[in-house]
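Coordinate-derived values only; no laboratory data. Remember, it's a predicted structure, so these values are computed and weren't measured experimentally. Positions of Cβ are backbone-derived with ideal geometry, glycine not excepted, and every protein chain shown enters the neighbour counts.
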Amino acid sequence: MKMNDDFLKSMKDAFELLRTKGPKEATAAIQRALSGSKGHVQRTRASQAPSTASDWAQAWTQTQTQTNPTPHAPAAPTFDADTPGTFSTHTFSNAAGQRQYKLYVPAVYNGQPLPLIVMLHGCTQNADDFAAGTRMNALAERHGFIVAYPNQSKAANHSVCWNWFRPADQQRDHGEPSLIAGMTREVMEHYRVDPARVYVAGLSAGGAMADVMLKTSPDLYAAAGVHSGLAYGSARDLPSALAAMKGGKVRHTRSHGAPQRPLIVFHGDADSTVHPANATEIVAPFDAHISTQSSGATGTSNRRAYTQQRRIAANGVEAEYWVIHGAGHAWAGGSQRGSYTDPSGPDAAAEMVRFFLAHPRAQ
């Protein structure tokens with residue numbers, strides 16, 4: 001159904017309450033909107049309020065799109081001499097539904113086993129946009145790997161966000177994790193992929209889902225990259241997702257045990273869409289040994305400074321944590337051919353590829 005203006009206004013007001021007062025006040029405002037009672041949030045008839053998780057997702061993501069518009073309209077994706085491989089569209093189906101995905105196979109592929117990187121776009125994006133913004137296909141050509149870009153459907157989420165916050169989509173072999181893992185395995189069946197070098201990465205909601213995939217399928221993915229995302233288990237519904245995104249108290253995600261696979265995490269310290277505290281939560285289990293190095297702006301003009309940490313968990317699993325100073329909610333070092341990119345940041349895509357290729361899965 002189409003969300004009415006009153007409820008969207010209520011969600012905006014709740015969002016503002018979360019920013020200015022906290023999750024408790026924002027949740028109370030949402031509950032008043034749902035019950036139709038009078039309060040700080042404008043009254044909405046209960047018959048008009050959303051009644052399903054899908055409706056909640058539509059309301060939340062519409063509000064996010066309106067209050068956090070894309071920094072620029074992406075140009076039509078174009079691929080040039082740097083990407084002479086094939087970029088094709090495929091469809092995958094299982095009991096959880098059906099999704100399309102784009103697949104880049106580099107021209108250097110000649111039947112030899114190659115790594116595979118699965119890239120999960122953020123809200124309002126799609127595979128073409130994400131490929132253009134991250135320039136991952138050019139890196140695939142340069143370093144020799146295959147790239148898969150799953151596409152979320154608008155039917156599953158109004159703003160094509162991955163539903164990282166729903167319990168049904170946080171479980172192995174269920175919901176969206178089963179679709180993403182299924183696409184990964186399908187590519188591995190049709191092409192010679194090195195099973196020890198399969199990776200997953202994403203931005204924002206896609207970054208959160210990348211962490212879900214790593215935690216639920218550590219036998220499939222050797223490592224993950226999370227850019228401006230959230231930790232697995234940090235939310236269980238829309239209100240807790242809203243609270244986590246704005247830096248409110250989140251569920252204890254460290255109870256999932258010692259990390260099984262390496263992680264590389266990027267986050268801007270001026271991100272007002274997903275609070276930087278979420279990145280801290282993701283890397284918290286990697287706290288047995290921490291070494292830090294900082295970089296000021298380099299000789300190139302308009303380059304952002306960053307702080308990079310190398311972190312090692314008690315069981316020896318490694319993580320890298322990049323804090324990009326002054327950066328907002330955007331892919332660092334990306335191209336303006338895609339949305340939600342910050343060309344002045346360090347090259348997150350290149351650093352992820354470096355990290356991934358240095359961390360094959362132990363046999």
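Numbers at a glance
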item: For segment 276-284, Karplus couplings with θ = phi - 60° (6.51, -1.76, 1.60), whole Hz, Gly/Pro x; result: x, 4, 5, 5, 4, 5, 4, 8, 3
item: Order of 339, 291, 240 under a 10 Å beta carbon neighbour criterion, fewest first; result: 291, 240, 339
item: Fewest-first ranking of 87, 355, using other Cβ atoms within 10 Å as the exposure measure; result: 87, 355
item: Cβ-Cβ FRET estimate between residue 191 and residue 291, R0 fixed at 41 Å, reported to 0.05; result: 0.65
item: Summed residue charge, Cβ within 10 Å of residue 326's Cβ, Lys/Arg positive, Asp/Glu negative; result: -1
item: Cα shape, segment 86-357, gyration tensor, a/c 1.5 rule; result: rounded
item: Residues 176, 141, 186 arranged by fewest to most Cβ contacts within 10 Å; result: 186, 141, 176
item: Local electrostatic count, residue 134, Cβ distance below 12 Å [Lys/Arg +1, Asp/Glu -1]; result: -3
item: Distance between modelled label sites at residue 100 and residue 219, nm, 7 Å Cα→Cβ extension; result: 3.3 nm
item: Gain in span if fully extended, residue 305 to residue 82, counting 0.36 nm per residue against the direct Cα distance; result: 77.5 nm
item: From phi via Karplus (6.51, -1.76, 1.60), per-residue ³J(HN,Hα) for segment 212-219 in Hz, x at Gly/Pro; result: 4, 5, 5, 6, 8, 9, x, 7
